[in-house]
Number of protein chains: 4
Amino acid sequence: MTTTAAVVGASGFTGGELLRLLSGHPEFEVTQATSRQYTRKTVGYAHPNLRHLDLRFSDPADLESVDVLFAATPHGVSMEHIDAFRDAADTVVDLSADFRLPEAALYDDWYDGHDRPELLSEATYALPELTREDLPGADLIAAGGCNATATILGLLPLVDAGIVDGDQRVVVDVKVGSSEGGAGGGAASSHPERSGVVRPYAPTSHRHEAEIETYLGTRVAFTVHAVEMVRGASATCHVFPDEPVTKGDLWGAYRETYGDEPFVRTVAGGGGVYRYPEPKAVAGSNHAEVGFELDPRNGRVVVFSAIDNMMKGSAGQAVHAANVALGFEETAGLAFTGLHPVGTP
Amino acid sequence: MTTTAAVVGASGFTGGELLRLLSGHPEFEVTQATSRQYTRKTVGYAHPNLRHLDLRFSDPADLESVDVLFAATPHGVSMEHIDAFRDAADTVVDLSADFRLPEAALYDDWYDGHDRPELLSEATYALPELTREDLPGADLIAAGGCNATATILGLLPLVDAGIVDGDQRVVVDVKVGSSEGGAGGGAASSHPERSGVVRPYAPTSHRHEAEIETYLGTRVAFTVHAVEMVRGASATCHVFPDEPVTKGDLWGAYRETYGDEPFVRTVAGGGGVYRYPEPKAVAGSNHAEVGFELDPRNGRVVVFSAIDNMMKGSAGQAVHAANVALGFEETAGLAFTGLHPVGTP
Amino acid sequence: MTTTAAVVGASGFTGGELLRLLSGHPEFEVTQATSRQYTRKTVGYAHPNLRHLDLRFSDPADLESVDVLFAATPHGVSMEHIDAFRDAADTVVDLSADFRLPEAALYDDWYDGHDRPELLSEATYALPELTREDLPGADLIAAGGCNATATILGLLPLVDAGIVDGDQRVVVDVKVGSSEGGAGGGAASSHPERSGVVRPYAPTSHRHEAEIETYLGTRVAFTVHAVEMVRGASATCHVFPDEPVTKGDLWGAYRETYGDEPFVRTVAGGGGVYRYPEPKAVAGSNHAEVGFELDPRNGRVVVFSAIDNMMKGSAGQAVHAANVALGFEETAGLAFTGLHPVGTP
Amino acid sequence: MTTTAAVVGASGFTGGELLRLLSGHPEFEVTQATSRQYTRKTVGYAHPNLRHLDLRFSDPADLESVDVLFAATPHGVSMEHIDAFRDAADTVVDLSADFRLPEAALYDDWYDGHDRPELLSEATYALPELTREDLPGADLIAAGGCNATATILGLLPLVDAGIVDGDQRVVVDVKVGSSEGGAGGGAASSHPERSGVVRPYAPTSHRHEAEIETYLGTRVAFTVHAVEMVRGASATCHVFPDEPVTKGDLWGAYRETYGDEPFVRTVAGGGGVYRYPEPKAVAGSNHAEVGFELDPRNGRVVVFSAIDNMMKGSAGQAVHAANVALGFEETAGLAFTGLHPVGTP
């Protein structure tokens, strides 16, 4: 029996990605795709890769009952409409930051507060590699943020192994593509200005720090650069362990944490062109790549992590979480493995 | 029951694309992937998107029996090894130019002649939209060339409708990505030199003219430019019909030819950002986009066509043809619809 | 003695290019740079390459007297403010289309008419290679459009030599960068949507046809594609001469027309990576490259032409024209020759 | 009176950049440009931006006497040929690493040793902002390395001000373009593989660490990524001062160090699109941009630095140093300020 799905905010980039994934998913049928801006137009109007789909945007005011509602709306929208969303659907999967953090105080510190703090404890943070056990049966799922996902996936094995603990300060330098800015975009996002940049995008105080410190338990000194990509997020983490570690220790830690994960590949050296994690290698896919190198001169561990911010960092992660929550095959609808070669993803 | 497949020349770009498609195909099992250069390495060594696959390159001298052999080798290799290929497999699908043209004289004119001219009449040219009926049961299949495919798909409805006939001279201006040059590459393909070009790549005398004129029956004045893309081929055809045509005539012609095609989308005007065919909209997918505009000042029909040269222009077309030849679902293994947004594909 | 210059519309792309050129020009001193949007900010606020300049945007309502006023405003602004411009300056150089065409009827056909048709006969079209003799002493100069400039420069030698005449229909396929859209930009210009395109931008009916047909006397079937570049315009012209021509004829024609031109390089074959005109090779410079190839199969002449649309196609051409008009060294302020290597210009 | 100059290794990227700069320099005349590979071809064969120059490559075995010899050869060549270079020229400016480090032991640690260790004390390291006083009259000048230059320029004010001292460990994350790999290039440099990467290029143990620690006196934990650019190097340095600092302290430090420097712009916040240093803003120019941000949560100082690796990081720096050494105007031949907008530099 098919599970019905609605995508709210379906004309945006992550909304389109949800439509793409769900329309090829063996368990789901998309029955609604809402867009205020494009109501009644075909989804292919906004998303040319979906021009062959026979589906039109509907008004978000006209939500119908579905099994699962995916909300791909800007931050603040979900907390405003959460009651309507939960009335319409048994399971709500939110891709915004509105239900990611467990405490209202964090929203006061990092956002503009929270309208519905009483719901925060009902939400399940969905980075399946971290919170898989909490997902079955969850009915309010908050998919993790892209830069937080990249960082957490990179560092998690070191935390699990005790190589990173809460006392060290880990320097994290993230590089992201232009799709993180969404489909709107002002002058800084125009092609002539945005092309080819290595631009300090969030030198300090990026909101995803809150997610990382909450779920990883580690302090980070966090900086985000915009680089020439549309899709992709890459985190480089500089760790100075209290005790010396070997490459063997590191391989052991990554195998221990990710040995059975269907969407995480550990890549650390070896030969060929692609020796470490790269966003290109996972573009369009729900795979993450993680890896590391050891600095012989100072004992530093350099950790690399690469994801597609629209997939593993957003829509793919949301579908993965829904798969776990609803008891589907974990990889259902997420089989695409990326392309080689590919240009600037 | 699974159909076994070998990919010969599997470390090249189209070879990797075949591995990607066949490893996700419900009917095929890849039992061999040959590479002289990378024998015994994992396929992920050459193709980072396939790092999770448990498959290693083998020596092309050690071909084993399979149901279908896909040859993704440089031009000239298939004609040299065709007996070994046919000994090993019931069906051979060749992605090179070696068996595309029906007459030895054409190989004399456009290539360095042909070693096995007696086999040319046994081969089936595989551009399924054009030769679908010839494919069932075919055992030597020659997948069409990328630039020829883009051009033929664009013009075919006009030929079918009699708007283009053999007497006109159609000007065709093709734009291609760097993957057409393959995985080798010399100075002109190095990133600093190749980036951002609008480079006359084949001002005249491109070999695909032979395919186009043979299978479309139309003379073309053909020029190919290299532009900043890795994947993609876009053909713009300038047609001056003998008799005036209307947009209605054109829509009619495209609907007539492609109304039931699973992999061809007609896009001609309308609103939004993506109003005509674009390689970006089909990158990674087996879809082609075709469309047109009518010049009010001179009656010219401008035809646009866009494909992914590695997919619809090569590996995807080969799998599509194999699906038809073997009686599988036409779209099996070819469901991926492309990404939005995507950078420089 | 220094010549004073004002740049009106100085926060736009071509305005910034004028500031860059004039601030390094041995004869000019920029005394005003107007911008409604950025009044009182430094010019480096809009143009980061000029952050070291001690110059601020002023209000366009406060024009002061200067020797030369360069107007880099959107189409329609110059015709509205032309009296104020001419009151303020002895010489007005307009970079918009407002004074390019000689007859009001052409503005009716191609634009929204013209407010000051009586002034059209006073203006001098400034593509110096074509109209050099008309420029000395000209006081209302209309710099040619980018796509028209590329096309005219490519075809001019063939017109001069009688190889192209008014009866043939020349197919012109132009590829342009995103800076043609200016600093504003909507959804189609946002980085995620615009990156990596081969997009039919003006399939037919581009306004520069009027300039080409007026000044070259040749009918063109004209199509413009947007490709992945910020700067650059490349025109490929397909010419079918009435009488056969040889490569020697073509070399002769190009040498005859451009032998003494300081800003035109003829590039036609030879070896190495850059065998024909390429926008990359002239990015940032006022040089144009032109070249050709002869199709042995059908007598077609394929003409290639490449410019930087912001330079030879706009600001550089304007400064070049001003140099000629005012009797300065032709190349003054225009010595920069472009970069090698360079990425996507 | 003109100063004659030879460029050895003139067909490479930095060699071409030297040709470009010196051919537009008011004091220099290029009398030789050597290339083994392209002997007797015009320099425009290798460098399309110089196609209008009437200069041909000569054999490096035929060095003639000049005033200044610029060596743009791969590492190891200069130390082998240094006697011939010094015989031919009064002043040798070497762009390789061969004479950058002051002690043979450092070459043992970081390179493959040094053939002529006795000459190391005769060389002057040329990062003019750091060693300007040592340059006048210097006859063996070693231009600083690109990544070292970017890093040193970013951190120098903090070292001068005592905010960074030798005991802290500064994390440095550098992003570079593909021109750093030079004109040769293997598979990893081919356009399809190199495009759009965020690739750990030197996770640890990059040789420029030796220059940074030698000339800045600060330990660095250094990682280099390749990103989608041809030209450009950007260094992000994460500093944890022992004592809290304010933005005022930082502004003071940067003004103190760079207040009078003709080629360094400090950019730190403010409005608009370009709020911090960016390689795009200096592409093609000898300018460096430096800037900083203060992390309110942990006192971290994030330092940003951007240069064109071919200019300020190589050929431009070499010409700048020669200008100082020979008593020319410091900015002679280096007036170009970069472009706006520009694509992927």
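What follows is calculated from the coordinates using simple rules that are stated; it is not laboratory data. Note that the structure is predicted; figures quoted are calculated from it, not measured. We place every Cβ from the backbone using ideal geometry, glycine too, and count neighbours over all the protein chains shown.
How big is the C-alpha Rg of segment D:147-307 next to the rule-of-thumb value 2.2 N^0.38 Å, as a ratio? Dividing the Cα radius of gyration by 2.2 N^0.38 Å gives 1.04. With all pairs of separate Cα atoms included, segment A:67-134 yields a Kirkwood hydrodynamic radius of 12.4 Å.
With both residues required to sit in the protein assembly as shown, DSSP beta bridges show an antiparallel share near 45%. For chain B, the Kirkwood hydrodynamic radius from C-alpha pairs, put into Stokes-Einstein at 20 °C and a viscosity of 1.002 mPa s, yields a diffusion coefficient of 105 µm² per second.
For the rotation carrying D onto C, the chain D residue whose Cβ lies nearest the axis, with the distance in whole Å, reads D:THR344, 2. Of A:HIS52, B:HIS191, the sequence from fewest to most neighbouring Cβ atoms within 10 angstrom is A:HIS52, B:HIS191. Amide H contacts of C:PHE222: C:VAL172, C:SER205, each under 5 Å away and 5 or more positions distant or on a separate chain (H built 1.01 Å from N in the peptide plane; Pro and chain starts excluded). As a rough guide to protection, the peptides D:270-280, C:142-152 ranked by mean Cβ packing within 10 Å, highest first, stand as C:142-152, D:270-280. Neighbouring Cβ atoms from other chains, within 10 Å of the Cβ of residues in D:22-29, number 1 on average.
For segment B:229-321, the C-alpha radius of gyration divided by 2.2 N^0.38 Å, with N the number of residues, is 1.13. Over segment D:40-153, the fraction of Cα-Cα pairs per 10 Å bin, rounded to whole percents and listed from the shortest bin up, is 13, 38, 33, 15, 1.
In segment D:117-193, the alpha-carbon atoms span a convex hull of 167 Å³ per residue.
Out of every Cα-Cα pair that segment A:97-145 contains, those further apart than 13 angstrom amount to 53 percent.
Within chain A, the selection of entire DSSP H helices by a Cα span of 20 Å or greater along the long axis and an average Kyte-Doolittle value of at least 1.0 returns A:146-160. Between copies, the label points of B:GLU122, set 7 Å from Cα on the Cα→Cβ line, lie 7.0, 7.4, 8.2 nm apart, reported in increasing order to one decimal in nanometres.
Placing a label point 7 Å from Cα along the Cα-to-Cβ axis, B:GLU133 is separated from the same position in the other copies by 6.5, 6.5, 9.1 nm, shortest listed first.
Of all beta bridges DSSP finds with both residues in chain A, what is the antiparallel percent, to the nearest 5?
45 percent
Within segment A:147-307, antiparallel bridges make up roughly 70 percent of the DSSP beta bridges whose residues both belong there.
Pairs exceeding a 26 Å alpha-carbon distance, out of B:LYS41/B:LYS280; C:LYS41/D:LYS280; A:LYS175/B:LYS312; A:LYS247/D:LYS312: B:LYS41/B:LYS280; A:LYS175/B:LYS312; A:LYS247/D:LYS312. Taking max minus min of the alpha-carbon positions on each principal axis, segment D:182-262 gives extents of 47, 28, 21 Å, largest first.
Comment: the Cα-to-Cβ extended label point of C:ASN298, at 7 Å, lies 1.5, 6.4, 6.5 nm from its counterparts in the other copies, nearest first. Pairwise inverse Cα distances across the protein assembly as shown, averaged and inverted, put the Kirkwood hydrodynamic radius at 32.4 Å.
Can you tell me how segment B:1-66 classifies by the Cα gyration tensor, rounded, prolate or oblate, using a/c under 1.5 as the rounded cut? It is oblate, given that a/c is not under 1.5 and a/b is not larger than b/c.
Note that segment D:295-338, at 10 °C in a medium of 1.306 mPa s, gets a Stokes-Einstein diffusion coefficient of 127 µm²/s from its Kirkwood radius over C-alpha pairs. A cut-off of 5 Å between modelled amide H atoms, ignoring neighbours fewer than 5 places along the same chain, links C:ALA142 with C:ASP94, C:THR124, C:TYR125, C:ALA126.
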